[in-house]
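To start, the structure under review is shown below, and the notes come after it.
The values are calculated or read from the model by the stated rules, or taken from the named source; none is laboratory data. This is a predicted model, so every value here is computed, not measured. Positions of Cβ are generated from backbone atoms using ideal geometry, with glycine treated the same way; all protein chains shown enter the neighbour counts.
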Amino acid sequence: METIISACISASVTLVICLLNNHGQQEKTRALMEYKLDELTKRVDKHNNVVERTYSIEKRLSVQEEQIRVANHRISDLEGIEHEH
C-alpha cells in the first residue's frame with residue numbers, strides 16, 4: 001500500500017512539474033510568435049508603402065511623358081511654321 005501511495009505522490013508531483021513547464025514554454029512560444037508577427041507586419045507595411053510610391057511615380061512619369069510629347073509636337077509645329085515664312 002505504501003508503494004502505491006508513494007507512486008501516486010511521485011506521479012502527481014511529476015504531473016504538476018510538467019504542467020508548469022508546459023505553461024512556461026507556451027508563454028515563451030506565444031511571445032516569440034507575437035514578436036515575429038509584429039516584425040512581419042512592419043515588413044509588409046514597408047513593402048506596401050514602396051508599392052504605393054512606385055505607382056505614384058509611374059503615374060507622374062506617364063503624365064510627364066505625355067507633356068513632353070505635346071511639347072515636342074508643338075515645337076515641331078512651330079519649326080514647320082518658321083520654315084514656311
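Quick one: is Val51 at pLDDT below 95, under 14 Å from the mean Cα position of the chain (by Cα) and part of a helix (DSSP H, G or I)?
Spelling it out, Val51 is indeed at pLDDT below 95, under 14 Å from the mean Cα position of the chain (by Cα) and part of a helix (DSSP H, G or I).
Tell me yes or no: at least one residue of region 15-26 is surrounded by 10 or more Cβ atoms within 10 Å (Cβ to Cβ), over 40 Å from the mean Cα position of the chain (by Cα) and assigned to a helix (DSSP H, G or I).
yes
Working only within region 57-85, note down all residues that are surrounded by 10 or more Cβ atoms within 10 Å (Cβ to Cβ), modelled with pLDDT under 95 and of a type in the set (Gly, Ala, Ser).
Within region 57-85, Ser76 is the sole residue that qualifies.
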